[in-house]
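Down below is the structure, laid out as C-alpha cells.
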Amino acid sequence: MASVLSVTDLKTHFFTRAGVVKSVDGVSLHVNRGEVLGLVGESGSGKSVTGFSIMGLVDPPGRIVEGSIKLNGRELVGLPEHELRAIRGREIAMIFQDPMMTLNPVLRIDTQMIEAVQAHESVSREVARIRARDALGKVGIPSPEERLSAYPHQFSGGMRQRVAIAIALLNNPALIVCDEPTTALDVTIQSQILAEMQKLCAQTGTALIWVTHDLTVVAGLADRVAVMYAGRIVESGPVDLVLDAPIHPYTDGLLGSVPSRGKRGEPLRQIPGSAPSLARLPEGCAFRPRCEHETAACGEAPLQRIFPGERTARCYNPLTMLASA
Amino acid sequence: MSTSILTLNSVSKRFSKPLDAAAKMANMLGASNRAITVHAVDGVDLAISEGEVVGLVGESGCGKSTLGRVVAGIHPASEGSMTWKGQSVAGLDDAGRKAQTLAIQMIFQDPMSSLNPRMRVAEIVGEAPVVHGLVSKAEKDAYVDDVLAKVGLDPTYKQRYPHQFSGGQRARIGIARALAVRPEFLVCDESVAALDVSIQAQVLNLFMDLRRDLRLTYLFISHDLGVVQHISDRVVIMYLGRVVETARTEELFLRPNHPYTKALLANVPRLDARKKTFELIKGEIPSPINPPSGCHFHPRCPMAMERCKVERPALREVSSGQWSACHLNNG
C-alpha cells in the first residue's frame with residue numbers, strides 16, 4: 001500500500017546558546033491510508049518535534065537540517081512558506097494538546113471555521129458555514145447550528161477538543177498529526193474522543209499520527225507504534241508484536257513501568273535513572289547508561305535493523321531473539 | 001473492619017462566593033443574583049484502617065482533592081466530623097491537635113509549585129522538624145541526609161535549589177519534606193500524575209517501599225485507575241462530591257457494582273486491550289455548582305429510573321466489604 005506520509009532520516013536540530021540540541025536525530029517512519037501510527041515517548045524524546053517538523057512548524061533556533069518528508073510522494077522539506085501554507089490545514093492538519101491555546105479566544109467558532117475553509121477554497125461564506133456546521137455535527141457536538149456562534153470559553157474541555165478536531169477535518173486532510181490530544185481530558189471524555197477519532201478514520205481513510213506518552217492509549221487505538229528515545233525511533237512495528245514481545249530494552253522497560261492488571265502491590269519493573277539531556281547525550285546508544293543489557297558494542301550508536309513482522313529496532317542486543325532479515 | 005486510624009462522618013465541604021456590593025444593589029433594583037455555593041464534598045463517610053492504602057478515584061471536579069485537603073487539615077470541613085485514632089479531631093487539646101496535624105502530611109501534584117524555589121533542599125526538608133522540635137539544630141544536617149537517603153536522593157545535592165532537579169527528583173523532595181516530620185498518614189494528591197511513565201514507576205515503587213519500612217497509611221488520590229489499582233488495598237470512587245462505590249481493589253475491578261464505576265472501568269485504556277472500540281458514557285460531568293437532583297449520575301446513567309431523579313441513593317453493602325450507592329441494588 002502506498003504511504004500517505006513517508007519520513008526518511010529526518011534531523012531537526014535546535015541551535016541554542018548552550019549548544020546544538022538534536023531533538024530529532026535520524027527519524028524514519030511512514031503511515032498508510034486509514035492507518036493510526038502511535039508515536040510514543042517520554043518528555044524530551046523528540047516526539048512532538050517530529051510532529052511539528054512534519055507540519056513545517058519548527059521555529060528558529062530550530063530547523064530541519066537533513067532528511068526528507070514526503071506527503072503522497074511530494075517532498076515537503078525545503079518548500080517555500082507559501083506552498084507549505086497551502087498544504088497545512090488542507091492536506092495535513094494538526095490537533096494539539098490544549099485546545100484553549102489553538103482556538104482564538106476572541107473569535108466565535110464559526111468565524112474561525114469559515115476562515116479555515118476559505119483559506120484553501122474559494123467558496124462563499126454560506127457554503128463554508130454549512131461545511132463547518134456539518135463538521136461539528138460529525139464530531140458529536142449537540143445542536144451544531146447554535147454552537148457555531150459560541151466562543152471557545154463557552155465550551156467544556158472535551159467539547160473544545162472536539163471543535164479543534166472538527167477544524168482539522170474541515171478540508172478532509174490525508175493526514176492528521178495529533179499531539180497528545182486527550183492527555184488533559186478525563187477518562188470518560190477521553191474515550192469519547194478516541195471513539196470519534198476511530199470512527200472518523202475508518203469512514204474517511206484519513207491517516208493519523210498519534211503522538212503520546214501513554215502506551216495504554218496507543219494499545220487501544222493504533223495499528224502500528226514507533227517508540228522514541230532521545231531523538232531516535234528505537235523500535236517500531238505492529239502494536240501487537242511490539243507490546244507483547246518488545247525488541248528494545250527501553251520499550252520493555254516502558255511496558256514494565258505501566259501499572260496494570262495482575263501484579264498489584266508488587267514492585268514495578270522500573271527503568272533506573274532518568275532520560276538524558278539532549279544537549280549532552282552519551283556516546284553511542286543513548287539508552288546505554290540505563291540499560292541492563294549493555295555490552296561493549298553499545299559504545300557505537302546502533303543502526304536501525306529490520307526484524308521479521310515489519311519491525312525495526314536500534315539495538316545490538318535484541319530481547320526477542322529473532323534472526324535479522 | 002480492623003481499627004480505623006481515621007474516620008470521616010458525613011463530612012461536607014462547601015465553598016461559597018457571597019454576593020458583592022454591586023450584586024446586592026442590583027438585587028434591590030429587582031435583579032435576582034444569588035450567592036454561588038459549590039458542594040465540593042457532600043456527606044462523605046470513610047474509615048481508613050492503620051497501614052491501609054486507600055485509593056480515591058474520580059474525574060475532575062468530583063471533590064477528591066478537596067476531600068484530601070479536609071483530611072490533611074488544610075480546609076476545615078463545613079459539616080461532619082473527623083476522628084483520628086478514635087478521638088474526635090474537634091475535641092483535641094492543643095498538644096493533641098498539633099500531634100495529629102503533624103501525623104497527617106500531604107504530598108502535592110506539582111512539586112514545582114509546592115516547593116519554595118528560593119529555599120535550598122536542606123532547608124525545605126529540614127525546617128519543619130527543627131521548628132516542631134523533632135530534632136535539634138545541631139542534628140539537622142545528619143537528619144536531612146537520612147531523610148533524603150530514604151527517598152533515594154543523594155544527600156550531597158542538599159545545597160541545591162528545586163529548579164536544579166529533574167521532575168522525578170523534585171517529586172522525591174516533596175516526599176522527603178512530608179516524611180521529615182515522621183508522619184503516620186500520607187495524603188498523596190495526584191503525586192505521580194505529572195511524571196513520565198518510567199519515572200512514575202520509580203516513585204510508585206518508592207511509595208510501596210516506604211509503606212513497608214515506615215508502616216505508613218495512605219490516602220492515594222488519583223484519576224488514573226491503573227495507578228490506583230496497582231497501589232491500593234481499597235478503592236473509593238467519587239462522583240460530584242459523593243462516594244458512589246467503595247470496595248477492596250480486587251473486587252472493585254472484578255465486580256464493579258455502580259453503573260459509574262462500570263463505565264469508568266470500561267473506558268480505561270489498558271495495555272492488553274488492543275484496537276478496542278471505545279464505548280461511550282453519554283454526556284459530560286455536570287457542574288458541581290448546580291448538580292442534578294437525586295442521584296448525581298442519573299443524567300448519564302444507562303439504567304436510570306424515575307426514582308433516581310428524585311431520591312439520593314444511600315451507600316449500601318452489596319457484598320462483604322463492597323458498598324455502592326445505587327437504587328438498582330434494592331430490588
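The values are calculated or read from the model by the stated rules, or taken from the named source; none is laboratory data. All values derive from a computational prediction rather than experimental measurement. As a convention, Cβ positions derive from the backbone with ideal geometry for all residues, glycine included, and neighbour counts pool all protein chains shown.
Is it the case that some residue within the stretch B:271-291 is among the basic types (Lys, Arg) and more than 25 Å from B:Glu251 (Cα to Cα)?
Yes: the stretch B:271-291 contains one or more residues that are among the basic types (Lys, Arg) and more than 25 Å from B:Glu251 (Cα to Cα).
Kindly list the number of the only condition in (1) out of contact with any helix residue (DSSP H, G or I) (no Cβ under 8 Å at 6 or more places or on another chain); (2) of a type in the set (A, V, I, L, M); (3) surrounded by 20 or more Cβ atoms within 10 Å (Cβ to Cβ) that fails for A:Ile130.
Condition (3) is where A:Ile130 drops out.
For B:Val243, which of the numbered conditions (1) more than 13 Å from every other protein chain (Cβ to nearest Cβ); (2) β-branched (Val, Ile, Thr); (3) surrounded by fewer than 22 Cβ atoms within 10 Å (Cβ to Cβ); (4) closer than 27 Å to B:Glu52 by Cβ fails to hold?
(3)
Report yes if B:Ala26 is within 30 Å of B:Leu265 (Cα to Cα) and free of Cβ contacts under 8 Å to residues at least 60 places away in the same chain, otherwise no.
no
Inside the stretch B:182-212, can you point out the residues that are among the acidic types (Asp, Glu), within 29 Å of B:Ala99 (Cβ to Cβ) and over 18 Å from the mean Cα position of the chain (by Cα)?
Passing the criteria: only B:Asp209.
Spot the failing condition for A:Gly220; the list is (1) outside any loop (DSSP other than H, G, I, E, B); (2) modelled with pLDDT under 90; (3) farther than 28 Å from A:Asn72 by Cα; (4) of a type outside the set (Phe, Trp, Tyr), and only one is missed.
Just one mismatch for A:Gly220, condition (3).
Checking the conditions here, which among B:Asp189, B:Asp154 is touching a strand residue (DSSP E or B) at 6+ places or on another chain (Cβ under 7 Å), more than 8 Å from chain A (Cβ to nearest Cβ) and not hydrophobic (A, V, I, L, M, F, W, C)?
Only one candidate passes the filter, namely B:Asp189.
So which of B:Ile175, B:Ile237 ends up being at pLDDT 90 or above, away from chain A (no Cβ under 14 Å) and buried (at least 24 other Cβ atoms within 10 Å of the Cβ)?
The conditions single out B:Ile175.
Say whether the condition of being under 15 Å from B:Asp196 (Cβ atoms) and surrounded by 15 or more Cβ atoms within 10 Å (Cβ to Cβ) is met by at least one residue in the stretch A:292-305.
So far as the stretch A:292-305 goes, no, none of its residues is under 15 Å from B:Asp196 (Cβ atoms) and surrounded by 15 or more Cβ atoms within 10 Å (Cβ to Cβ).
Starting from the stretch A:234-251, take each residue that is within 16 Å of A:His293 (Cα to Cα) and list its partners that are of a type in the set (Asp, Glu), counting only C-beta distances under 9 angstrom and pairs at least six apart or across chains.
Once the first residue is within 16 Å of A:His293 (Cα to Cα) and sits in the stretch A:234-251, its partners that are of a type in the set (Asp, Glu) give A:Pro246/A:Glu235; A:Pro246/A:Asp252; A:Ile247/A:Glu235; A:His248/A:Glu235; A:Pro249/A:Glu292; A:Pro249/A:Glu294; A:Tyr250/A:Glu235; A:Thr251/A:Glu235.
Among the residues of the stretch B:46-76, which ones are buried (at least 23 other Cβ atoms within 10 Å of the Cβ), among the aliphatic types (A, V, I, L, M) and not in a strand (DSSP E or B)?
Of everything in the stretch B:46-76, those that are buried (at least 23 other Cβ atoms within 10 Å of the Cβ), among the aliphatic types (A, V, I, L, M) and not in a strand (DSSP E or B) turn out to be B:Leu67, B:Val70, B:Val71.
Which of the residues belonging to the stretch A:198-207 are within 18 Å of the chain's Cα centre (by Cα) and either more than 13 Å from chain B (Cβ to nearest Cβ) or buried (at least 24 other Cβ atoms within 10 Å of the Cβ) (or both)?
Across the stretch A:198-207, the qualifying residues are A:Gly205, A:Thr206, A:Ala207.
The rows are residues; the columns are (1) at positive phi; (2) aliphatic (A, V, I, L, M); (3) under 27 Å from the mean Cα position of the chain (by Cα).
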{"site": "B:Thr3", "(1), (2), (3)": "no, no, yes"}
{"site": "B:Leu19", "(1), (2), (3)": "no, yes, no"}
{"site": "B:Ala22", "(1), (2), (3)": "no, yes, no"}
{"site": "B:Leu29", "(1), (2), (3)": "no, yes, no"}
{"site": "B:Val38", "(1), (2), (3)": "no, yes, yes"}
{"site": "B:Ile48", "(1), (2), (3)": "no, yes, yes"}
{"site": "B:Glu52", "(1), (2), (3)": "no, no, yes"}
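Within the stretch B:238-331, which helices (runs of 4 or more DSSP H) (wholly inside it) include 2 or more residues that are under 24 Å from the mean Cα position of the chain (by Cα)?
B:249-254, B:259-267
Tell me which of these A:Val225 doesn't satisfy, since it passes every other one: (1) touching a Gly at 6+ places or on another chain (Cβ under 6 Å); (2) facing chain B (nearest Cβ under 7 Å); (3) at pLDDT 90 or above.
All conditions are met except number (2).
May I ask you to list pairs of residues, at least six apart or on different chains, whose Cβ atoms are under 6 Å apart, with the first in the stretch B:262-274 being more than 7 Å from chain A (Cβ to nearest Cβ) and the second being modelled with pLDDT of 80 or more?
As it stands, the answer is B:Lys262/B:Pro256; B:Leu265/B:Pro256, since those pairs meet every condition given.
I'm told B:Lys150 meets every condition in (1) modelled with pLDDT of 90 or more; (2) farther than 30 Å from B:Gly283 by Cβ; (3) of a type in the set (D, E, K, R) except one. Can you identify the failing condition by its number?
(1)
What residue, of A:Pro249, A:Pro173, is buried (at least 19 other Cβ atoms within 10 Å of the Cβ), more than 7 Å from every other protein chain (Cβ to nearest Cβ) and over 23 Å from A:Leu5 (Cβ atoms)?
Being buried (at least 19 other Cβ atoms within 10 Å of the Cβ), more than 7 Å from every other protein chain (Cβ to nearest Cβ) and over 23 Å from A:Leu5 (Cβ atoms) holds for just one of A:Pro249, A:Pro173, which is A:Pro249.
Looking for whichever is more than 14 Å from chain B (Cβ to nearest Cβ) and under 23 Å from the mean Cα position of the chain (by Cα) here; the options are A:Arg311, A:Arg288. Which one fits?
Exactly one of A:Arg311, A:Arg288 is more than 14 Å from chain B (Cβ to nearest Cβ) and under 23 Å from the mean Cα position of the chain (by Cα), namely A:Arg311.
Among residues belonging to the stretch B:145-164 that are within 27 Å of the chain's Cα centre (by Cα) and in contact (Cβ under 8 Å) with a residue 12 or more places away in the chain, point out the one that is surrounded by the fewest Cβ atoms within 10 Å (Cβ to Cβ).
The selected residue is B:His163.
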